[in-house]
């Protein structure tokens, strides 16, 4: 657990991407998936307020608990030395930064805690306690549905352990039910970026994932990408044939027991890396659990080699946590430098820059000016610079690019209000709520307008 202290170097970082939604979220929200995760967010807000470091510290502490449970579960299956190697990689591998230091990475960290507990209890013969831990994991993140499938693989080609098929069956039923419920909620939740809202063809997504997984493995062994998001190009459907390789691995696993662990890693990647299309085609935080599984497959190595390897990994992780995650503008600029076509990275960097510097950065990259998000960020910067007329023009262009987007209407309403057009602003706020009845800022803006009128 002491290895996890290196992540404390990233505590000073600000909110990132989806983290900002916590500032407007209403808790508890029964209409949301992952209730246990949102309960933990609510407790953070109640205890410490909207302070990013407290949310991030909770992630780190949960990760430390998960590392200890990982070691305790694996040592009974592969021995102390190999379990230590796998747990050390799980603890400090740089690829884990997106899960541990990104506040909205908490669902997978919290899920990991309960899945490692479930595995440890299962190996110990406490099958129904394992089932209870699995249920908690499901309420943290739906990817836990892969766990009972892994238990079946463990029964098929792992060490001979006592098992209870009734408990596994109950897990499968609960897992499928949770997956279907989550899919329905995601379909109704505006901006979820999953399924039909992903903007990605399901077949192309499925075909591209072998390429994405190859990128994950490359970064796991040689962490050269120091940014935050990776945007690979989609592959044609013929790329789906590469999925035959893991199927061959399953066939080989009965003769080579170590193949169980790469298969386990693949199983935990499948829910969000093949079956359900997601707007982020690649996300390194999906390697959170697979990292431990992949290193569990390695043979016993010399103690000196393991110590040197851990020292190198710790240095890379410490650098990334302190230099990049503690300074979000550097994180996004590094992402954009490595992926010059990633407009989202550029726009995210501008959110942390002073307004005059952000405006200069945006003007230097007019190649993205046709995008709605570019005009939205430009409008935000103009508002910060007290230039509401220019902001109105930018928000109007964003609305023209995406007419049905609620936030575009709301932003135009804010600019209209800033130049004194109260009635026009009120109309935009009302239309925003017609599109998205849960749009809290629009509702609050209408309430403030009503109060001022009174």
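Here, each number is a calculation from the coordinates, and none is a lab measurement. Note that the coordinates shown come from a computational prediction; the quantities given were computed from them, not determined experimentally. Ideal geometry is used to build each Cβ from the backbone, glycine not excepted, and the neighbour counts take in all protein chains shown.
Residues considered: 298, 353. Of these, the only one that is surrounded by fewer than 21 Cβ atoms within 10 Å (Cβ to Cβ) and within 21 Å of residue 217 (Cα to Cα) is 298. If you scan the range 408-454, which residues turn out to be under 30 Å from the mean Cα position of the chain (by Cα) and more than 19 Å from residue 380 (Cα to Cα)? Within the range 408-454, 433, 434, 435, 436, 437, 438, 443 meet the criteria. Assess whether residue 403 counts as being free of Cβ contacts under 8 Å to residues at least 24 places away in the same chain and either in contact with a helix residue (DSSP H, G or I) (Cβ under 9 Å, 6 or more places away or on another chain) or surrounded by fewer than 21 Cβ atoms within 10 Å (Cβ to Cβ) (or both). Against the criterion (free of Cβ contacts under 8 Å to residues at least 24 places away in the same chain and either in contact with a helix residue (DSSP H, G or I) (Cβ under 9 Å, 6 or more places away or on another chain) or surrounded by fewer than 21 Cβ atoms within 10 Å (Cβ to Cβ) (or both)), residue 403 qualifies.
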